[in-house]
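The values are calculated or read from the model by the stated rules, or taken from the named source; none is laboratory data. Everything numeric in this text was worked out from a predicted model, so none of it was measured. As a convention, Cβ positions derive from the backbone with ideal geometry for all residues, glycine included, and neighbour counts pool all protein chains shown.
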Amino acid sequence: MPYTFKRLLEKISSEKTPGPSPTFSLFHMLHAIEIIARKTIGRNKLAESLNVGKGAVRTIIKRLRDAGLVAASKEGCTLTGKGLKLLNEYKSILRRTEIGKSELTLTDYNSAILIKNSGHKIKSGVEQRDAAIKVGAKGATTIIFKEGRLIIPAVSKNMIEDFPKAANQIVRHLKPGENDVIVIGSGNSLGEAEYGTLAAAWTLLDDC
């Protein structure tokens, strides 16, 4: 399955420009699209929401605008039709939510993300954990919904028995289906946890 939004965001986030290397990642760009989709927003508020500097947010907006995803005016930034289409494709495959502490979380700030129909791509979950840590998360746990059960590879064959609080949170917030993957990530801030889960999910967005 071709993931158009993945290819496009990787392309525009990796563009080379004169000067220092960018201080933001493609996950900041994706989060910017999510924020702009909620309401028209100015540069300063967007920089604050993304926790990046004004120079970084100017570059983010410019790249999104050049790609036809965002329109900028005196009132602020809004999504274009193309931007909304990209966001809808992303949301049809990935769903994420903030969750509370449980047996599987490491800090007070935790995020969970569901990746549709990707359980067959999971080996041990180590690749997802390492991807989350690489972008600043404290850790991540990868879970598969298989035959009506939540499973953690090499750890638990039935989470409802071994980690009931975490299992109930996942079912309540994300409502997984057969072969879906859920990653729970923790960080020193909610932003770290969210970017960690996105980075983990990104490892599963290939074309097979």
What do you reckon, is Ala200 of a type in the set (Gly, Ala, Ser) and either in contact with a helix residue (DSSP H, G or I) (Cβ under 7 Å, 6 or more places away or on another chain) or at pLDDT 95 or above (or both)? yes
Report yes if some residue within region 136-152 is crowded, with 20+ Cβ neighbours inside 10 Å, of a type outside the set (Lys, Arg), at positive phi and in contact with a Pro (Cβ under 7 Å, 6 or more places away or on another chain); otherwise report no. no
Under 19 Å from the mean Cα position of the chain (by Cα) and not in a loop (DSSP other than H, G, I, E, B), is that true of Ile184? yes
Being touching a His at 6+ places or on another chain (Cβ under 7 Å) and not in a helix (DSSP H, G or I) is the filter here, so list the residues in region 29-70 that pass it. Val52
Could you tell me how many of the residues in region 67-83 are more than 20 Å from Lys6 (Cα to Cα) and of a type in the set (A, V, I, L, M, F, W, C)? 3
Given (1) over 19 Å from Pro176 (Cβ atoms); (2) touching a residue at least 24 places away in the same chain (Cβ under 8 Å), index of the condition Ser118 fails: (1)
Which numbered condition Asn51 fails, given (1) touching a strand residue (DSSP E or B) at 6+ places or on another chain (Cβ under 6 Å); (2) at positive phi; (3) surrounded by fewer than 17 Cβ atoms within 10 Å (Cβ to Cβ): (1)
When the residues of region 88-108 are filtered to those that are under 17 Å from Thr4 (Cβ atoms) and touching a Phe, Trp or Tyr at 6+ places or on another chain (Cβ under 8 Å), which remaining residue is surrounded by the fewest Cβ atoms within 10 Å (Cβ to Cβ)? Glu89
All positions within region 60-83 that are farther than 18 Å from Leu26 by Cβ and either modelled with pLDDT under 95 or small (Gly, Ala, Ser) (or both): Ala71, Ala72, Ser73, Lys74, Glu75, Gly76, Gly81
The lone condition Glu161 fails out of (1) in a helix (DSSP H, G or I); (2) at pLDDT 95 or above; (3) within 21 Å of Ala193 (Cα to Cα) is (3)
What number of residues in region 109-132 are surrounded by fewer than 17 Cβ atoms within 10 Å (Cβ to Cβ) and in a helix (DSSP H, G or I)? 4
Where residues in region 75-108 are of a type in the set (S, T, N, Q) and assigned to a strand (DSSP E or B), which of them is farthest from Glu178 (Cα to Cα)? Thr78
In region 153-178, which residue that is surrounded by fewer than 16 Cβ atoms within 10 Å (Cβ to Cβ) and among the aliphatic types (A, V, I, L, M) is farthest from Ile99 (Cα to Cα)? Ala154
Subset of region 187-208, residues not in a helix (DSSP H, G or I) and not acidic (Asp, Glu), comes to Gly187, Asn188, Ser189, Thr203, Leu204, Leu205, Cys208
